[in-house]
Every structure is written in structure tokens, then in C-alpha cells.
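See structure below.
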Amino acid sequence: MSDTILIIDDEAAIRESLAGILVDEGFTPLTAASAEDGLQLLDEKDIRLILLDIWMPGMDGLEALKLIKQRFTLPVIMISGHGTIETAVQATRSGAYDFIEKPLSYDRTILSIRKGLQLAQLERDNQLLRENGPAAINIAGASPLIAHLRQQIERVAPTDAWVLIRGGHGTGKELVAQTIHRHSLRSKHPMVAVNCAAIPDELIESELFGHVKGAFTGATDNKKGKFDQANGSTLFLDEIGDMSLKSQAKVLRILQEQTFERVGGSKTIEVDVRVLAATNKNLEEEIEKGTFRADLFYRLNVVPIEVPDLADRREDIPLLVAEFVNQFSR
């Protein structure tokens, strides 16, 4: 089924030529000679994008654009034969996706339409993810081990206590962190996650603390780090046991002080961050070997949570299968 595109223009020749181009490109065109007629069609038809002339008798395009944006979530491309920079800026500020001057370029118009439709589809997909994503992710299972895990989460989630989540590969440590955050007082902000094992040692400081423009080769702009992004929220440090000793020392300092400086900067930045960490390693053994700092371990291990292996709760497998089927179906 092709996308329906509404053309609103008082010039019949423009409506006819645009409609012909759209048909050739596989779209379904609808036309209206006035903004008033176009608004009526929007109420009656499933429109995916609008081509809207600015200068029309009666209601002009800018006024119609404001009404459309109040009532619909659709990309609107403004077209005009008397375009000025001021008019283009005004249209963009009012929510127009693009601004094209007459005489219309065939290639430019089709390219703008396709990009506008792609953006609208992405926005619809993101809305569905926001509505269905977090609520669909649950800790499935009814075994005593999972019941105990849920009790631990319920107790610690409403607090600001730091949590060290331990368990083997694939046991669901990040899911536990997401659940703690979702039931915390910080849940109105997104949780910020960092995979400590995936960041090269020379980049960890910039990744966590950010940098200022010119701090090093390639630093062409100021950049906020993960601690900055997580201010007022939760920072999840995944695979903390794989972080180098050098990086551990830097992380320990900010965890102790809740202040830091960006790489290349001199300004001290204060943050309010709750830290959740996870590892599949035995950190006590790593401390004995000298590969993990004891002071960092005790700083993170305020509330320890152990995520059980599936081998220890086989009775949960049917419930897990049902949960996955539910997720994939949705």
C-alpha cells in the first residue's frame, strides 16, 4: 500500500504536476486548492506527508502549518514562489520539515519527501518502543531463587544505595539493573549504561568524564561524559571487573567525591549519580591477584546481589519461553 501525500496549493498547474510526479514515484496523491479544504481532507484520510504552499488566499500556509502541527504528527514540506530566508526560518520554527522554493526541482522534492517519510516512520517506531519497551522487560520465573532476587530488588530499588550485581554470562545482570532503576526514584530519567570491557583504556577517561574541544587530536567539539549524562539518574557500569587499574583509580576518585573535570578542562563539575555495577568475575580473587582495587570493591559493594544461573532454576524455563514469545510477538 503506497503512502498518501496531500498537496495543498491554490495553483491548479502545481497541483497537477506534483500529483503526476508522485504517481510516477509510486505514491498516492491527494490535492486541495485551499488550506481549509486540506484540513478537511486530513480529518477524513490517512495522510502520511503534506506539501503545503505558503501564499494562498484565505488561510495562508504558515497559519495552516500551526494548526496541522497542533492536531497531527506529520512531516510538512513548505513550498513557495516568493521565498525569503525569514519565511523559511519562520516555517522551520513552526515545525516544517523542509522548505522548497518554486520552480520546484523534481529530484529535490522527491528526495525531501522520501526523507520526511523515513523520519516519520522512525518517530512512530520510537513511540512504540517507548510505550512497549521497558514494561515488556520482566524478570521471568517463579523459582525460590528468583523470588529472593525480586525481594532484594524491591528492597533496594527505592533507596539510593549502590549495588554490585554479580553473576555469570547471560544471567541477566543488566536486566536486574534496569529493573532496579525502573522502580527507583530516579526512573523519570533514562539509565546510562557503560560497558567497561568494550572501551579502550586510552578512551575510558573521555568516555566517562567527557572532554573539551582541542583536548586531544580528534576532539573537535566539547563532549559530555557518561557521568554528566547520568546526573540525577543512574549510571550502570557493566563488566566493572574488566576495567584496568589505571581506569579504576579514576573511577574511584569520582565515586568518592561526586565531582570531576573533563579531559582538557579545568572546571570542576558536581554530579548526583547512583551507581549500579555488574561483573561476572570473582572480585575477591581479582583483589588477591592485584588486578582489582579493594577500595573500589568496597565502595561499589554496598548492596551485593547475586543473579542465579539458569542451571540452578530449571523450573523457570517454561516461563522464560513464554516471556520471550510474548516479547517477540509484540
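Of LEU252, LEU296, which residue is open to solvent by less than 20 Å² (accessible area, probe 1.4 Å), out of contact with any Phe, Trp or Tyr (no Cβ under 6 Å at 6 or more places or on another chain), of a type outside the set (Lys, Arg) and closer than 30 Å to ILE146 by Cα?
Every option except LEU296 fails the conditions.
Which of the residues that make up the stretch 209-222 are in contact with a helix residue (DSSP H, G or I) (Cβ under 7 Å, 6 or more places away or on another chain) and over 13 Å from GLU270 (Cα atoms)?
The one that is in contact with a helix residue (DSSP H, G or I) (Cβ under 7 Å, 6 or more places away or on another chain) and over 13 Å from GLU270 (Cα atoms): GLY210.
When you look at THR73, is it among the polar types (S, T, N, Q), out of contact with any His (no Cβ under 7 Å at 6 or more places or on another chain) and either farther than 30 Å from ASP43 by Cα or modelled with pLDDT under 85 (or both), yes or no?
no
For the stretch 51-77, enumerate the residues that are more than 27 Å from the chain's Cα centre (by Cα) and under 18 Å from GLU101 (Cβ atoms).
Of everything in the stretch 51-77, those that are more than 27 Å from the chain's Cα centre (by Cα) and under 18 Å from GLU101 (Cβ atoms) turn out to be LEU51, LEU52, ASP53, ILE54, TRP55, MET56, ASP60, GLY61, LEU62, LEU65.
Hey, can you tell me all the residues within the stretch 238-249 that are buried (at least 24 other Cβ atoms within 10 Å of the Cβ) and either among the aromatic types (Phe, Trp, Tyr) or out of contact with any Ser or Thr (no Cβ under 6 Å at 6 or more places or on another chain) (or both)?
Selection gives MET243 alone.
Residues in the stretch 260-275: is at least one aromatic (Phe, Trp, Tyr), closer than 30 Å to LEU145 by Cβ and open to solvent by less than 30 Å² (accessible area, probe 1.4 Å)?
no
If GLN327 satisfies every condition in (1) crowded, with 16+ Cβ neighbours inside 10 Å; (2) part of a helix (DSSP H, G or I); (3) at pLDDT below 85 but one, which is the exception?
(1)
Looking only at the stretch 179-200, which residues are crowded, with 18+ Cβ neighbours inside 10 Å, out of contact with any strand residue (DSSP E or B) (no Cβ under 8 Å at 6 or more places or on another chain) and within 14 Å of GLN152 (Cα to Cα)?
Residue satisfying the conditions is THR179 alone.
If you scan the stretch 304-318, which residues turn out to be within 28 Å of ARG186 (Cα to Cα) and surrounded by 17 or more Cβ atoms within 10 Å (Cβ to Cβ)?
Matches in the stretch 304-318: ILE305, VAL307, PRO308.
The values are calculated or read from the model by the stated rules, or taken from the named source; none is laboratory data. Being a predicted model, the structure only gives us computed values, none of them experimental. When we count neighbours, we look across all protein chains shown, and the Cβ atoms used for this are built from the backbone with ideal geometry, even at glycine. Note: areas computed on protein heavy atoms with side chains; ligands, DNA, RNA excluded. Shrake-Rupley method; radii C 1.70, N 1.55, O 1.52, S 1.80 Å.
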